[in-house]
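Notes follow once the structure below has been shown.
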Amino acid sequence: MTSNQFASLLDSIHPALKSTDLLTEDVQLAIFLDWIATGKTVRSQKEYWKLSHEGILICRRQVARAIVSEIFPTFVNQPGVL
């Protein structure tokens, strides 16, 4: 992924992604992309990123929720109610 693609993805999910003092939005997205690209375990990411187990899980969860709320509705049409 290029830096422009990363920035574009970050801009797309920015409204739904919360930044903290320790976990900025770009770090959260990087951790999430590292996870889906490599399939690393929480333990492996914890050692690499020097974060707690809970910190890694928070990143994964927040970015996934941001993607579902901001990007998913744009590309997936939900079936109508009959």
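Throughout, read-outs are computed from the coordinates displayed, never taken from laboratory work. No experiment lies behind these values; they were computed from the predicted model shown. Glycine also receives a Cβ, built like all others from the backbone with ideal geometry; neighbour counts cover every protein chain displayed.
If I filter region 4-21 for residues that are buried (at least 17 other Cβ atoms within 10 Å of the Cβ), part of a loop (DSSP other than H, G, I, E, B) and over 11 Å from the mean Cα position of the chain (by Cα), do I get at least one hit? No - not one qualifying residue is present in region 4-21. Among the residues of region 33-82, those that are closer than 16 Å to A16 by Cβ and either touching a strand residue (DSSP E or B) at 6+ places or on another chain (Cβ under 8 Å) or among the hydroxyl-bearing types (S, T, Y) (or both) comprise S69, T74. Scanning region 71-82 for residues that are touching a helix residue (DSSP H, G or I) at 6+ places or on another chain (Cβ under 9 Å) and either touching a residue at least 24 places away in the same chain (Cβ under 8 Å) or aromatic (F, W, Y) (or both) yields a single hit, I71. Selection within region 52-70: residues that are hydrophobic (A, V, I, L, M, F, W, C) and without any contact (Cβ under 8 Å) to a residue 24 or more places away in the chain. The member of this set that is nearest to H14 (Cα to Cα) is V68.
Out of all the residues in region 52-67, is one or more touching a Gly at 6+ places or on another chain (Cβ under 8 Å) and closer than 22 Å to A7 by Cβ? Steps first, please.
Step one: of region 52-67, the residues touching a Gly at 6+ places or on another chain (Cβ under 8 Å) are none.
Within region 52-67 (the criterion being touching a Gly at 6+ places or on another chain (Cβ under 8 Å) and closer than 22 Å to A7 by Cβ), the answer is no, since none of the residues qualifies.
The listed residues are V27, V42, and the only one of them that is surrounded by fewer than 17 Cβ atoms within 10 Å (Cβ to Cβ), in contact with a His (Cβ under 8 Å, 6 or more places away or on another chain) and touching a residue at least 12 places away in the same chain (Cβ under 8 Å) turns out to be V42.
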